[in-house]
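Written out below as structure tokens is the structure these notes cover.
The values are calculated or read from the model by the stated rules, or taken from the named source; none is laboratory data. Just so we're clear, the structure is a prediction, and the values are computed from it rather than from any experiment. FYI the Cβ positions are ideal-geometry reconstructions off the backbone, even for glycines, and counts take in every protein chain you see. The area values use the complete protein model at the heavy-atom level, side chains included, leaving out ligands, DNA and RNA. Shrake-Rupley method; radii C 1.70, N 1.55, O 1.52, S 1.80 Å.
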Amino acid sequence: MSFLKYRLRMDKNVHLIMKILTVFSIVTILAILLGLLYKAYPILKTHSLTNLLLSKDWFPQKELFGLFPFISSTFQVTGLAMFIAVPFCLLASIYLSEYASKSITRLVLPLIDILAGIPSVIFGIWGIILIVPFIRDYVAPFFGKVSSGYSILTGGIVLAVMLIPVMVNILLEVFNTVSRGYKEASLALGATKWQCIKHVLLIKSAPGIISAIALSLSRAFGETLAVLMVVGNVTKSPKSILDPAQPLPALIANNYGEMMSVDLYDSALLLASLVLFIIVLFFNIIARVILRRLEKNNH
Amino acid sequence: MSLSINNQSNIVVENLNVFYNQRHALKNINITIPSNKLTAIIGPSGCGKTTFLKCFNRLIENNDNINVTGNFLVNGQNIYQPNIEITEIRKKMGLLSQRPYPLPMSIYDNITYGPKIHGEKNKEKLDHIVEFYLKEANLWEEVKDRLHSPANNLSIGQQQRLCLARGLAVEPEFILGDEPTSALDPISSKHIEQKFLELKNKYTIVLVTHSLRQAKKIADYVIFMYLGEIIEHGSVEEVLLNPKNQLTKDYVNGEIN
Ligand SMILES: Nc1ncnc2c1ncn2[C@@H]1O[C@H](COP(=O)(O)OP(=O)(O)O)[C@@H](O)[C@H]1O
Ligand SMILES: [Mg+2]
């Protein structure tokens, strides 16, 4: 066989392998979705979907499977974590990429990498040791409330800290890809550093920032263990962020495999998984749409 | 509105040295840039042309571990003094880089970016600035119907003219060009060259160029650099047509690249 023929065949093979792998990853997503749907089907047949999603009553023994407390806790914990992490990470990475001296970045970047590698159970323990008593003894009394310290706020804070290394790393990468020519063009016109950041760097990196947020958001929705350890795990609807709660991942992890004697319990938990999966998918799609729009303008 | 005409605009460089880490990139540069003339800086790639040009508006300081010594006098004032307001220096120098970098905003906003950051708020005045400088850069007719569309949609040649207009809109005294035509098609290059010929009556222009043809065509004064040093400088006739130094002769004859 000639060398040219060999090269062409290799090219074809590699192409084929990549195609198969791509198709495979799409099929996996579909398979998960269909699997969950199949398992959730029994409960969808006997209960109305609106009732399942909007009812606050979760009493498996009485065949009441209202998911609302868990869905609402999921959004509260995740929203809080993003509310803390996004501004913090944006400012930190702007500082690191635009203002900090070489010696500071050389010190901080490895620390961030270490933080990223810490297993989530450690973050959970850290939350129990430090954040739980802090919320119980200082934050709750400050607002005139009584709290065990195991609360949505605690979960949000722990989750935010877990998101920081990931988000900072991505954002630094994003800022790095903005060609320095753009910054220099702006500086050359007499702009200050901050004007360059505001009008050029942040605009040029907007798609990257959106991707970073979307990625962290998916992770935040799904993060289970650390949140589960500090969030209190009660099935009541929380009235404030100082109340304990149980987000969807915690609900699933806490209960799946137990008490399966109750009919439909298993199906209800898989419906919870399906809801979680769809939430994550939904926000990813939203991010894509925003990204598409941003890229059309200006970039 | 009139363009600022200032016959006092002058640049004197004394014993300028630039180090990137340990690398001695500019060695003892001494030169007076003639006012209201077009000075071309030529020399093989890597000889320090860009480094030298970036000293004019202190963009050179955007590098890590950079060290600049010597005097760089603009209108008699050393711009490397510690108490100098760097944005004021940069406002005096319009820069046209090797390839155009339109800011991520509309054509209109690209032009008003400079005037706005320097405090201009009057809408009518800004409208006027946009029209005036787009005309000045021969771009007005092509873009007047889509001033509010993203600047990124323009062709490379149009983008470079936009960058010229944007630079002129802050009313600089000097224009710096770092091989501004090297990424352009021949027609766009001609546009820019033609513009530079017109502008040299009003501004002091320093143009780094890789093209001897371009230097011969539009320059009044030529600086030849080699390995971080100025080897020879003088009028076009002196440096390009009758070089004294052997290195300059070799470069002009195309024997150094
Ligand atoms: N940021 C930098 N860090 C280290 N060395 C640099 C940097 N920029 C340029 N140099 C070096 O300085 C010398 C001059 O570069 P430059 O001014 O870009 O040359 P030219 O524009 O004439 O091609 C080259 O040897 C180059 O490798
Ligand atoms: Mg260069």
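Largest first, the extents of the alpha carbon coordinates of chain B on the three principal axes equal 54, 43, 34 Å.
A crude spin-label estimate for the pair A:LEU281 and A:LEU16, with each label 7 Å from Cα along the Cβ direction, gives 3.1 nm.
Between helix B:123-136 and chain B, what is the angle of the helix's C-alpha long axis to the longest principal axis, kept within 0 to 90° and rounded to the nearest 10? It works out to around 50 degrees. Charges were assigned to the Cβ only: +1 to each Lys and Arg, -1 to each Asp and Glu. The resulting dipole of the protein assembly as shown about its Cα centre is roughly 680 debye.
Straight-line reach from B:LYS49: which aspartates and glutamates have a Cα under 15 Å away, not including same-chain ones fewer than 8 places off? Excluding near neighbours in sequence, the set is B:ASP178, B:GLU179, B:GLU229, B:GLU232. What the stretch A:69-298 shows is 46 Å² of accessible area per residue, with the surface traced by a 1.4 Å probe over protein heavy atoms.
Over 25 Å between Cα atoms, which of B:LYS116/B:LYS144; B:LYS37/B:LYS244; A:LYS45/A:LYS239 qualify? Too far apart for the 25 Å limit: A:LYS45/A:LYS239. Over chain A, dividing the summed -39,500 (n - 2.57) contributions of all DSSP H runs of at least 4 residues by the number of residues returns a 222 nm mean residue ellipticity of -22500 deg cm²/dmol.
For the listed residue pairs B:LYS91/B:LYS121; A:LYS183/B:LYS202; A:LYS198/B:LYS54; B:LYS91/B:LYS216; A:LYS183/B:LYS217; A:LYS102/B:LYS92, the alpha carbons are over 21 angstrom apart in A:LYS183/B:LYS202; A:LYS198/B:LYS54; B:LYS91/B:LYS216; A:LYS183/B:LYS217; A:LYS102/B:LYS92.
DSSP bridge analysis restricted to the protein assembly as shown gives an antiparallel fraction near 60%, rounded to the nearest 5.
Among the helices of chain A, those built from whole DSSP H runs whose Cα atoms reach 15 Å or more along their own axis and whose mean Kyte-Doolittle hydropathy is at least 1.6 are A:68-94, A:152-177. Volume of the convex hull of the stretch A:8-88 (Cα atoms only), normalised per residue: 157 Å³. Residues whose amide H falls under 5 Å from that of B:LEU207, counting only those 5 or more places apart or on a different chain, are B:THR39, B:ALA40, B:ILE41, B:GLY177, with hydrogens built in the peptide plane.
With contributions of -39500 (n - 2.57) from each DSSP H run of at least four residues, the per-residue ellipticity at 222 nm computed over chain B stands at -9500 deg cm²/dmol. Compactness check for the stretch B:172-213: Cα Rg over 2.2 N^0.38 Å is 1.13. Karplus-derived 3J(HN,Hα) values for the stretch B:151-162, using 6.51 cos²θ - 1.76 cosθ + 1.60 with θ = phi - 60°, are 5, 5, 6, 6, 6, 4, x, 5, 4, 5, 5, 4 Hz; glycine and proline are entered as x. Accessible surface for A:PHE75 stands near 80 Å², nearest 10, in the context of the full protein assembly shown (1.4 Å probe).
For a straight C-alpha distance cut-off of 20 angstrom, the aspartates and glutamates reachable from B:LYS125 (same-chain residues fewer than eight places away being disregarded) are B:ASP109, B:GLU136, B:GLU141, B:ASP145, B:GLU171. Residue order by solvent-accessible surface for A:PHE282, A:PHE68 is A:PHE282, A:PHE68, largest first, with ligands and nucleic acids left out and a 1.4 Å probe. Working note: Cα atoms of the protein assembly as shown, range along each principal axis, descending, whole Å: 101, 74, 51. Interface of A with B. Using a 1.4 Å probe and counting protein heavy atoms only, the two chains hide about 2100 Å² of accessible surface, both sides summed. By the rule of a C-alpha distance below 18 Å, with chain neighbours fewer than 8 residues away ignored, the aspartates and glutamates paired with A:LYS236 are A:ASP57, A:GLU63. Rounded to the nearest 20 debye, the dipole magnitude of the stretch A:69-298 is 900 debye, with +1 charges on Lys and Arg beta carbons, -1 on Asp and Glu beta carbons, and the Cα centre as origin. Note on the protein assembly as shown: dipole from Cβ charges, positive end direction compared against B:SER155, A:GLY149, A:GLY124; the farthest Cα belongs to B:SER155.
Hey, what angle do you get for helix B:186-199 against the long axis of chain B, alpha-carbon based, 0 to 90 degrees rounded to 10? That helix lies at roughly 90 degrees to the long axis. Label 7 Å along Cα→Cβ of A:LEU215; the stretch A:94-135 residues with amide nitrogen under 15 Å? Label zone hits: A:113, A:116-117. Temperature 25 °C, viscosity 0.890 mPa s: under these conditions the Stokes-Einstein estimate for chain A, based on its Kirkwood radius over C-alpha pairs, is 111 µm² per second. Of B:PRO44, B:LEU176, A:LEU248, which is farthest towards the positive pole of the protein assembly as shown's charge dipole, taken about the Cα centre with +1 and -1 on the beta-carbons of Lys, Arg and Asp, Glu respectively? Positive-most Cα among the choices belongs to A:LEU248. Accessible surface of B:PHE56, taken over heavy atoms with a 1.4 Å probe and every protein chain present, rounds to 0 Å².
Mean partner shielding of peptide B:97-105, defined as the number of other chain Cβ atoms within 10 Å of each residue Cβ, is 6. Taking amide H as placed 1.01 Å from N in the peptide plane, the amide H of B:LEU95 sits under 5 Å from that of B:LEU176, each at least 5 places away or on another chain. Residue-wise HN-Hα couplings along the stretch B:69-79, as the Karplus relation 6.51 cos²θ - 1.76 cosθ + 1.60 with θ = phi - 60° gives them from phi, are 10, x, 10, 10, 9, 10, 6, x, 10, 6, 6 Hz; Gly and Pro carry x. Per-atom-type breakdown for chain B gives carbon and sulfur 45% of the accessible area (1.4 Å probe, protein chains only). With protein chains left intact and a 1.4 Å probe, residues in the stretch B:47-97 average 39 Å² of accessible area per residue.
Ranked from largest to smallest solvent-accessible area, with a 1.4 Å probe on the protein heavy atoms, A:TRP194, A:TRP58, A:TRP126 come out as A:TRP194, A:TRP126, A:TRP58. Residues whose amide H lies under 5 Å from that of B:ILE231, counting only those 5 or more places away or on a different chain, are B:PHE224, B:MET225, B:TYR226; hydrogens are built 1.01 Å from N in the peptide plane. State the answer as a single residue: which of B:TYR203, B:ILE256, A:PHE75 lies farthest towards the positive end of the charge dipole of the protein assembly as shown, with beta carbon charges of +1 for Lys and Arg and -1 for Asp and Glu, about the Cα centre. Among B:TYR203, B:ILE256, A:PHE75, the one farthest towards the positive end of the dipole of the protein assembly as shown is A:PHE75.
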